[in-house]
Each structure stands twice: as structure tokens, then as C-alpha cells.
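The values are calculated or read from the model by the stated rules, or taken from the named source; none is laboratory data. Note that the structure is a prediction, hence the values are computed from the model and not measured. Reconstructed Cβ throughout: ideal geometry from the backbone, glycine too, with neighbour counts over all protein chains shown.
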């Protein structure tokens, strides 16, 4: 268990699931938060590439939108049955928005002239793991669809959210080096970015491998369900 587990459990984890059936709505406050993530990431990327300060604040706001799950569950608690909280579209949208934001800001970090080299290294590690995960998920989704005619749904686990928080925090630290002028401070923050990003990437890859080991069982169950339908 990592240092971010208590935070993740507080806002995303066990005991805070909505008791309301997910709605079919596409546009909800939570999905709007998810949709804003890539746009905020784009703004941060542009500042980084241009060597402008202020990217750290935009990046922090971008990653703060990852709390949309808590917002959705709160809405369901306050207004049950209205359909404005947790939605079937929101869960996959959250995952896509997470990866998109990391990729977009990551581009700005890699190209940013003022980002510390250790921050770039940390970001490269995160982007590598995210790219590999996305390729694996895409391949498995196509295979599952071809074999069962159904969409592959990979369940979100607390460990996966924890790994994503670690990767986001590593990226944020890398962005902060863009804001600093002190060589010592840049080195310290860059080192911290590399440490946290490494932990998140290793944890994320371990979770992906666990999903890959479980995939044959999911595929078999999907084929049986398709035959029974």
C-alpha cells in the first residue's frame, strides 16, 4: 500500500460507492469534469512548451477534476433517482480522460525548455507505461468484441486509482520544476518526481499484468454469456 492510499480511499474507495443504479445520461456534472481535464491539460502543455510559468496551477486544477467520482456519489446521495450522479458513461470517460491528460501534459514536459531533466525522465516513464497499457487495452477490447460480440469492461480497482494518483503527482512535481529558478530546488523536486512516478508506473504495470492474467477467464465467461443469450 502506498502513501496515497488513505487519500484515494477517502475520495474514491470502499464505502463510498453510490447506492443508486448508474444512469444512462451522457452529460452530468461528473462527465463535464472529466471532459474539462484534456482542455486544462492542453493549456498547461502550451505554457510548458513556451517556457511560461503558471503551468503548475493549471495542472493541479486539471488533476483535481479526477474527483468527479466523489461529486457523482454526492449528487446521488442528495438527489437519488434524478440520474445526475453516477452514470454508465462516466466510468470509461474518467479512465480515458486520465490517460489523455497525462499524455497531453507529458508532451509539454518533454518539450518544455525549463523542465528539469529528472522531471522529463519521470514523465517518460509514466508515458511509456500509459502507452503500453492503452495498447494492451485496445487489443484486448478488439479481441473480446470479436469473440463475444460484447464490450470488454475492465473493473476499476482501488489499486488502479492509487497508481494513477501517484503518476499524476509525479507529473505535477515535474511541472513544478518549470516554475522554479533555484538549481537546488529544481533538483530536489525533480528527484521527488522521479521517485513518485516510478512507484506509480511500477504499480500500474503490476495491475495491468494482473488484469492480463484474468483476461482468459473474462473471455471464457463472455463467450458463455454470448452463447446463452
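Structure above, values below:
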| read-out | value |
| --- | --- |
| Pairs, first at negative phi and in contact (Cβ under 8 Å) with a residue 12 or more places away in the chain in segment 109-131, second assigned to a loop (DSSP other than H, G, I, E, B) and crowded, with 22+ Cβ neighbours inside 10 Å, C-beta under 7 Å, six or more apart | 109/115; 112/178; 114/178; 115/177; 115/178; 116/177; 119/177 |
| Residue list for segment 99-124, restricted to those being within 16 Å of residue 205 (Cα to Cα) and at pLDDT below 95 | 99, 102 |
| 3 or more residues at pLDDT below 75, more than 15 Å from the chain's Cα centre (by Cα) and within 28 Å of residue 115 (Cα to Cα): qualifying helices (runs of 4 or more DSSP H) within segment 3-78 | none |
| Residue within segment 137-150 that is modelled with pLDDT of 90 or more, crowded, with 23+ Cβ neighbours inside 10 Å and in contact with a helix residue (DSSP H, G or I) (Cβ under 7 Å, 6 or more places away or on another chain) present | no |
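A quick yes/no check of all residues on (1) in contact with a strand residue (DSSP E or B) (Cβ under 9 Å, 6 or more places away or on another chain); (2) more than 26 Å from residue 176 (Cα to Cα); (3) crowded, with 20+ Cβ neighbours inside 10 Å:
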position: 21; (1), (2), (3): no, yes, no
position: 26; (1), (2), (3): yes, yes, no
position: 33; (1), (2), (3): no, no, yes
position: 45; (1), (2), (3): no, no, yes
position: 64; (1), (2), (3): no, no, no
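Conditions tested, residue by residue: (1) more than 21 Å from residue 129 (Cβ to Cβ); (2) in contact with a strand residue (DSSP E or B) (Cβ under 9 Å, 6 or more places away or on another chain); (3) surrounded by fewer than 17 Cβ atoms within 10 Å (Cβ to Cβ); (4) touching a residue at least 12 places away in the same chain (Cβ under 8 Å).
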site	(1), (2), (3), (4)
166	no, no, no, yes
182	yes, no, yes, no
192	no, no, no, yes
200	no, no, no, yes
205	no, no, yes, yes
209	no, no, yes, no
214	no, no, yes, no
222	yes, no, no, yes
